[in-house]
């Protein structure tokens with residue numbers, strides 16, 4: 001969820017290539033983690049497809065986050081986390097996270113990352 005909010009805030013034509021690299025890196029790391037668990041190629045492909053589809057659904061659901069009422073935000077999170085007990089706390093957390101992201105530039109998060 002954090003990564004979805006991150007992409008939502010920093011997505012613009014200027015950051016397009018860099019955000020695509022970050023996106024690719026994250027999903028490549030996820031794939032490597034699944035491989036380390038010991039799943040075969042067919043299972044990995046299916047799981048990756050499921051994860052990517054879920055992630056894009058999440059992004060589409062939070063796209064208009066700033067225009068949603070608190071009850072609509074709670075409904076969105078319940079649709080992803082139906083068994084989570086305190087969705088209202090989660091909504092408050094992501095409200096603050098979203099606000100904090102808006103106060104910082106993309107470079108703020110990248111300045112300590114070095115290229116090997």
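The values are calculated or read from the model by the stated rules, or taken from the named source; none is laboratory data. This is a predicted model, so every value here is computed, not measured. So basically every Cβ, Gly included, is an ideal-geometry build from the backbone, and we count neighbours across all protein chains shown.
Conditions (1) more than 15 Å from the chain's Cα centre (by Cα); (2) modelled with pLDDT of 95 or more, marked per residue:
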| residue | (1), (2) |
| --- | --- |
| 61 | no, no |
| 71 | yes, no |
| 88 | yes, no |
| 95 | no, yes |
Restricting the search to the range 46-66, which residues are exposed (fewer than 13 other Cβ atoms within 10 Å of the Cβ) and farther than 25 Å from residue 109 by Cβ?
-> 46, 49, 50, 53
Could you please let me know if residue 21 is within 18 Å of residue 3 (Cβ to Cβ), loosely packed, with under 11 Cβ neighbours inside 10 Å and without any contact (Cβ under 8 Å) to a residue 24 or more places away in the chain?
-> yes
Considering only residues of the range 22-41 that are farther than 30 Å from residue 91 by Cβ and in a helix (DSSP H, G or I), which is farthest from the chain's Cα centre (by Cα)?
-> 41
Those residues that are loosely packed, with under 13 Cβ neighbours inside 10 Å, within 24 Å of residue 51 (Cα to Cα) and in contact with a helix residue (DSSP H, G or I) (Cβ under 9 Å, 6 or more places away or on another chain), I need them from the range 82-116; list them, please.
-> 84
